[in-house]
């Protein structure tokens, strides 16, 4: 059932062997120019659990995270499935160029790693890793993460539709890039359009500040 897609543009050192209980040191780095990540949720879980799947509609828990930055639903989903969960390791927003490192001791059977956080300012873009099999062999593994669109909100790029503009770069008076949801399923995010008009145009996002290219994050996992 679980699609072993990665929010990853690249993956190195993936082993097919199933990991046993072990300690993981996980570092998430924001690779964007000016985008913030909302508080992160991460968990080690079993093979039957997933937090999202491309080409299928977002769950209510993922919608809450992708539109509002509220990880509580995803955290609850993981916790109810018996996952080893870490909430908000950065203690708030993770700014561009910054990293957060956390320890995760996955209990026996929780052999898959998932991570998620909203991207700000966007309508419903998120970074995430779903059901990455944790290698059984000790070492350092790197996954590059793409941005995903939850498919739950039109990407109008208007300040009224976005929960926060950290950095104070909000424009005003935008007409809206679109009023339509391009696809109701989770998919790779098409990217931000923005414009150069701070008091009008089609977007309230600044094209010189808020544009980004994939990958948008790097995940480093040290298996001990």
Completion exercise
Of 97, 91, 82, 109, the only residue that is at pLDDT below 95 and assigned to a loop (DSSP other than H, G, I, E, B) is 109
Handout entry: Residue identified as on the phi > 0 side of the Ramachandran plot and at pLDDT 55 or above among 25, 55
Key = 55
Problem - Inter-residue pairs, beta-carbon under 8 Å, first on the phi > 0 side of the Ramachandran plot and surrounded by fewer than 24 Cβ atoms within 10 Å (Cβ to Cβ) and in the range 111-136, second part of a strand (DSSP E or B) and at pLDDT 95 or above, 6+ apart - result: 131/45; 131/112; 131/113; 131/114
Exercise for the section: Considering every residue within the range 172-185, establish whether at least one is in contact (Cβ under 8 Å) with a residue 40 or more places away in the chain, farther than 18 Å from residue 58 by Cα and either out of contact with any helix residue (DSSP H, G or I) (no Cβ under 9 Å at 6 or more places or on another chain) or surrounded by 15 or more Cβ atoms within 10 Å (Cβ to Cβ) (or both). Expected result: no
Handout entry: Which listed residue, of 142, 178, 220, is at pLDDT 95 or above and farther than 30 Å from residue 83 by Cα
Key = 178
Exercise for the section: Determine whether the range 99-110 contains at least one residue that is over 18 Å from residue 73 (Cα atoms) and either out of contact with any strand residue (DSSP E or B) (no Cβ under 8 Å at 6 or more places or on another chain) or without any contact (Cβ under 8 Å) to a residue 24 or more places away in the chain (or both). Expected result: yes
Problem - Positions within the range 180-201 being over 23 Å from the mean Cα position of the chain (by Cα) and outside any loop (DSSP other than H, G, I, E, B), in sequence order - result: 195
Practice task
Filter the range 136-169 for residues that are touching a strand residue (DSSP E or B) at 6+ places or on another chain (Cβ under 7 Å) and not in a loop (DSSP other than H, G, I, E, B) and give the result.
Solution key: 139, 140, 141, 142, 143, 144, 145, 147, 148, 149
Exercise for the section: Considering (1) closer than 21 Å to residue 69 by Cα; (2) in a loop (DSSP other than H, G, I, E, B), say which one residue 177 fails and leave the rest. Expected result: (1)
Handout entry: Search result, residues across the range 112-121 that are under 8 Å from the mean Cα position of the chain (by Cα) and either within 18 Å of residue 221 (Cα to Cα) or not in a strand (DSSP E or B) (or both)
Key = 115, 116, 117
Exercise for the section: State whether one or more residues within the range 122-130 are out of contact with any strand residue (DSSP E or B) (no Cβ under 7 Å at 6 or more places or on another chain) and not in a strand (DSSP E or B). Expected result: yes
Handout entry: Looking only at the range 186-220, and only at residues there that are touching a strand residue (DSSP E or B) at 6+ places or on another chain (Cβ under 8 Å), surrounded by fewer than 22 Cβ atoms within 10 Å (Cβ to Cβ) and touching a residue at least 60 places away in the same chain (Cβ under 8 Å), the one that is nearest to residue 140 (Cα to Cα)
Key = 220
Handout entry: Yes/no for residue 44 being outside any strand (DSSP E or B) and touching a residue at least 60 places away in the same chain (Cβ under 8 Å)
Key = no
Exercise for the section: Within the range 142-152, identify whether any single residue is crowded, with 18+ Cβ neighbours inside 10 Å, in contact with a helix residue (DSSP H, G or I) (Cβ under 6 Å, 6 or more places away or on another chain) and either over 30 Å from residue 224 (Cα atoms) or free of Cβ contacts under 8 Å to residues at least 12 places away in the same chain (or both), and answer yes or no. Expected result: yes
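The values are calculated or read from the model by the stated rules, or taken from the named source; none is laboratory data. No experiment lies behind these values; they were computed from the predicted model shown. Methodologically, a virtual Cβ is constructed for each residue, glycine included, from the backbone with ideal geometry; neighbour enumeration extends over all protein chains shown.
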